[in-house]
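*Asks:* Pasting in a structure now, in structure tokens, and then I'll have a few things to ask.
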Amino acid sequence: MKKVVILTGAGISAESGLGTFRDEGGLWAQHAIEDVATPEGFARNPGLVHEFYNARRAQAVEAKPNEAHFALARLEAEIDGEVLVITQNVDGMHEAAGSRNVIHMHGELAKALCQSCEHRWQAPLVMSPEDPCPSCGEAATRPDVVWFGEIPYAMHVIDPALAEADIFAAIGTSGQVYPAAAYGQHARRMGAHTVELNLEASSASRDFAEHRRGKASEVVPVWVE
Ligand code: BV8
């Protein structure tokens, strides 16, 4: 039974019109990471952080999956084996394309989290610091995303999956954020065939046995076939 584990990053959603982080004019060119993607930044100015995520949420609800997302959904439906998509992305493109076995290790724009009682709910399109938690009523609402310094979700599922993978693929990620950036090296050490599908070389390219360079909407469907 083939086990395929696929890590995706912002590059797989670039052709759906969603900004990446480190490309020319990317998200980190417009905002300092420490201001909008750390708990300290949120504590300092929750309104600014909500504005940053409100803008990305508005973009994400309008975006459509591209051929790369659809190819991964086909792979999951057709393979004689298992496919697990571990995405660093907070958009809903994989699910919209039909993937069902998806882990959002850095959370989701579509979810809100109460800092006071840890209740989670479907995020409204526009969130503000004053929003009362639907469960405890506290005005302690934040986007349910994992910021720098916070522990990614589902590590207890991800680590065993990497250990058991026959094939590990990384798609559209610059390999600069940990622990995801080390997954290729870990999977390879555990015996997986590793393949990197990316527009250009990444900081983790050396960890991969196979490289397919190009736009995700072109190279992923070819790889899946
Ligand atoms: C943690 C969520 C502890 C919200 C994000 C010093 C050394 C090592 C590590 C650290 C260190 N200091 C601090 C750390 C830890 C830190 C870290 O790694 N820092 C980095 C900067 C050094 N990590 C953390 O804090 C993490 N938590 O470590 O907790 C722990 C860990 C394990 C167990 C116990 C405790 C939490 C990190 C999560 C941060 N949250 N986002 C939001 O989205 O706003 S990060 C954000 O950037 C993304 O989620 C993603 O993970 C990350 C990287 O972005 P990419 O997806 O790779 O996108 P990028 O733009 O960089 O690259 C796009 C790529 O696509 C490019 O290569 C480009 O060429 C390619 N591309 C572009 N277009 C296309 C394309 N490819 C194909 N087709 C195209 N069309």
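*Asks:* If you find the alpha carbon centre of the stretch 187-225 and of the stretch 128-151, how far apart are they in angstrom?
*Replies:* Between the Cα centre of the stretch 187-225 and that of the stretch 128-151, the gap is 35 Å.
*Asks:* Per q in 0.23, 0.24, 0.31 1/Å, what log10 I(q)/I(0) does a Debye calculation on the alpha-carbon atoms of the stretch 175-220 return?
*Replies:* One equal scatterer on each Cα of the stretch 175-220 leads to -0.79, -0.85, -1.12.
*Asks:* Roughly what % antiparallel, to the nearest 5, for the DSSP beta bridges in the chain?
*Replies:* The antiparallel proportion sits near 25 percent.
*Asks:* Here's another thing I want to ask about it. Could you tell me, in Å, what Rg and Dmax come out for the Cα atoms of the chain?
*Replies:* 17.4, 51
*Asks:* Now for a separate question. Between I151, I86, I12, where does the largest GNM mean-square fluctuation fall for the chain, given springs only between Cα atoms within less than 10 Å?
*Replies:* Its mean-square fluctuation being the largest, the pick is I151.
*Asks:* Okay, next question. Which percent, nearest 5, of DSSP beta bridges in the stretch 91-209 are antiparallel?
*Replies:* Expressed as a percentage, antiparallel bridges in the stretch 91-209 total about 60.
*Asks:* Now a separate question. Once you keep just the Cα pairs under 8 angstrom separated by 6 or more residues, what percentage relative contact order results for the chain?
*Replies:* 23 percent
*Asks:* Residue farthest toward the positive end of the dipole of the chain, with Cβ of Lys/Arg at +1 and Asp/Glu at -1: which of C133, A165, A97?
*Replies:* Comparing the listed Cα positions along the dipole, A165 ranks first.
*Asks:* While we're looking at this one, here's another question. Taking loop as defined by DSSP and a crowding limit of 11 other beta carbons within 10 Å, which GluC sites (Glu not before Pro) in the stretch 1-63 fit?
*Replies:* Those that pass, being in a loop and sparsely packed, are E24.
*Asks:* Give me, ordered by chain and number, the residues 5 or more places off H193 or on other chains with an amide H under 5 Å from its own placed amide H.
*Replies:* Amide H neighbours of H193, under 5 Å, 5+ apart: I167, F168.
*Asks:* Show me 165-175, 199-209 ranked by packing, highest mean number of other Cβ atoms within 10 Å first.
*Replies:* Averaged packing, sorted descending, gives the order 165-175, 199-209.
A short reminder: the numbers here are calculations on the coordinates, not readings from a lab. Note that this is a predicted model, so its numbers are computed, not measured. Cβ coordinates were reconstructed from backbone atoms using ideal geometry, including for glycine residues, and neighbour counts include every protein chain displayed.
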